[in-house]
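This report refers to the structure that appears directly beneath it.
The values are calculated or read from the model by the stated rules, or taken from the named source; none is laboratory data. Everything numeric in this text was worked out from a predicted model, so none of it was measured. Glycine gets a Cβ as well: all are built from the backbone with ideal geometry, and neighbour counts include every protein chain shown.
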Amino acid sequence: MRITTLAKNYFFYCVLILTLFGQNGFVYSQCPTVTNTAQSFCDTQSPTIASLQAVDNGGGIKWYATATSNTQLTNSTVLINGEDYFVDDNTGNCGPRQSVTVTIYSAPTGANFQGVCVTSLSQATPSNPQFVINGNNLQWYTTPNGGTALSPTAILTDNTIYYISQTNPDTGCQTSRLSVFVNVGLVPTPLGSAVQEFCNIPGSPPTVGDLVASGNNNWYLTSAFGIPLDLSTPLVNGQFYYATTVDPPCESSIRLEVLVNLYEPNDAGSNGNRSICVNEIATTIPFDLFNLLGGTPDNTGVWSGPILTTNGFQGTLDVSTMTLLGSPYVFTYTVSSALCANDTSTVTITILGLPTATVSVSPTPSCSGSPATFTFTGTPNATVTYNINGGANQTITLNGTGTATLTGTYTANTTVNIVSVAS
């Protein structure tokens, strides 16, 4: 009997042990499994515990903050970037817990004010490497939410706010957006004449501000560096100047080279004149009007006037056709150039008539020995040579009004004889 009982008991215990082992294997087979131990989200998804993924193998799913915590995290618990979360079944004791590391992608990082310096607007695009924005597969928008992403080659508008998201490389979702105020500096190489010329007017010389190039410019004395010149700086003849295009804070890297030539103002000298007595016209040989000008006139001018001259700037004049009636004759000398204002001067040729003079006596005496005034009347400033009663010659000069007087005493048959009159 005892042997039979022991055998039965042994069988019972063996069955019990095998059953327990079988149940324990069944218990462990219910633990959830994690196929993706690194799970990522976008901040726009507002991920929570409910967003985590694990395979329910029949024992349910519960999430914990640590591998040993007894406090279950609720489905509404907000996930934290970089944290690990641990999964278990409904018992919380199914075995070692598997973990999930969470990555949450948020808006890209970068300065909220950025600019690009371009030589052409076609370079002002989201793909321009001058933008410093950190993120994955950036997407540009014109609105903070919604809308259609801009093409990488879209032309950006100066002084405009754009909104930029990054893309989760695992799931393709897009994050919230970074706002960036974009400044586009358009600074092409300036255009202009390689040689620029100016009139160097005394007291008002040309300055750097008179140089001409396209766009808004800075001017330098070197081709690659230096301090911008003040616009009031006088230009130097034969000096090279270099222009950049400026659209603050941008400045073109290539400069326009300009050679400056300065020209002195035209100088026609000062006015001149010459007088010729009418009786000397026939014997006056041709002469140069240029020699009658004062100062230091340029020899590049031309003459104009009532009589044609020869020999270019010399203005050789033949007076043989001049008359007293046509006097005075005014000739103009004009010096001109493309850069400086014309300058003129004149030479006046005056034909003088022969000087004249008469003499009268006052009062008419009634007898010899009476005092008398002799009045000469004639050409102003003329010198009159005369004698009394054929005596020795004497002279008297008429004043500016053409008169002169002298006093004398009558004698019998007194006469005043005019011998000659000269200017």
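Checking the conditions here, which among Gly226, Gly203 is within 25 Å of Asn266 (Cβ to Cβ), modelled with pLDDT under 95 and assigned by TED's automatic domain parsing to the domain that holds Leu259?
On the way: Gly226 fails: within 25 Å of Asn266 (Cβ to Cβ).
It is Gly203.
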Give me the residue from segment 119-161 that is touching a strand residue (DSSP E or B) at 6+ places or on another chain (Cβ under 6 Å) and not in a loop (DSSP other than H, G, I, E, B) and, out of that set, nearest to Gln174 (Cα to Cα).
Gln139
Does Gln114 meet the test of being in contact (Cβ under 8 Å) with a residue 60 or more places away in the chain, of a type outside the set (Val, Ile, Thr) and surrounded by 16 or more Cβ atoms within 10 Å (Cβ to Cβ)?
yes
Total residues in segment 316-371, condition part of a loop (DSSP other than H, G, I, E, B) and within 30 Å of Thr383 (Cα to Cα)
21
Select, from Thr207, Thr153, Thr171, the only residue that is among the β-branched types (Val, Ile, Thr) and under 25 Å from the mean Cα position of the chain (by Cα).
Thr207
For residues in segment 35-74 being within 60 Å of the chain's Cα centre (by Cα) and free of Cβ contacts under 8 Å to residues at least 60 places away in the same chain, which is nearest to Arg177 (Cα to Cα)?
Ser46
Under 9 Å between Cβ atoms, at least 6 apart or on separate chains: pull out the pairs that start in segment 80-108 with a residue that is on the phi > 0 side of the Ramachandran plot and end on any residue that is outside any loop (DSSP other than H, G, I, E, B) and among the acidic types (Asp, Glu).
Gly95/Asp88
For Ile307, indicate whether it is in contact with a Leu (Cβ under 6 Å, 6 or more places away or on another chain) and either over 30 Å from Tyr263 (Cα atoms) or at pLDDT 95 or above (or both).
no
With the structure loaded, tell me whether Thr35 is under 30 Å from Asn136 (Cβ atoms), exposed (fewer than 10 other Cβ atoms within 10 Å of the Cβ) and either modelled with pLDDT of 95 or more or in contact with a helix residue (DSSP H, G or I) (Cβ under 7 Å, 6 or more places away or on another chain) (or both) or whether it fails that test.
yes
So Ile285 clears everything in (1) part of a loop (DSSP other than H, G, I, E, B); (2) in the same structural domain as Gly326 (by TED's automatic domain parsing); (3) in contact with a strand residue (DSSP E or B) (Cβ under 8 Å, 6 or more places away or on another chain) except one condition, right? Which one?
(3)
List every residue pair whose Cβ atoms sit under 8 Å apart, with the two residues 6 or more apart in sequence or on different chains, where the first one lies in segment 182-202 and is within 16 Å of Ser214 (Cβ to Cβ) and of a type in the set (Ser, Thr, Tyr) and the second, anywhere, is in a loop (DSSP other than H, G, I, E, B) and modelled with pLDDT of 95 or more.
Thr189/Thr119; Thr189/Ser252; Thr189/Ile254; Thr189/Arg255; Ser193/Val212
Selection within segment 354-379 - closer than 30 Å to Met322 by Cα and exposed (fewer than 13 other Cβ atoms within 10 Å of the Cβ)
Thr358
For segment 380-398, what are the residues that are surrounded by 13 or more Cβ atoms within 10 Å (Cβ to Cβ) and of a type in the set (S, T, N, Q)?
Asn381, Thr383, Thr385, Asn387, Gln394
Output the strands (runs of 3 or more DSSP E) that fall wholly within segment 178-248 and possess 3 or more residues being among the β-branched types (Val, Ile, Thr), or say none.
178-186, 240-247
Can you name the residue in segment 288-315 that is part of a helix (DSSP H, G or I) and without any contact (Cβ under 8 Å) to a residue 24 or more places away in the chain and is also nearest to Gly269 (Cα to Cα) among such residues?
Asn291
Taking the conditions exactly as written (surrounded by 16 or more Cβ atoms within 10 Å (Cβ to Cβ), β-branched (Val, Ile, Thr) and in a strand (DSSP E or B)), does Val419 satisfy them or not?
no
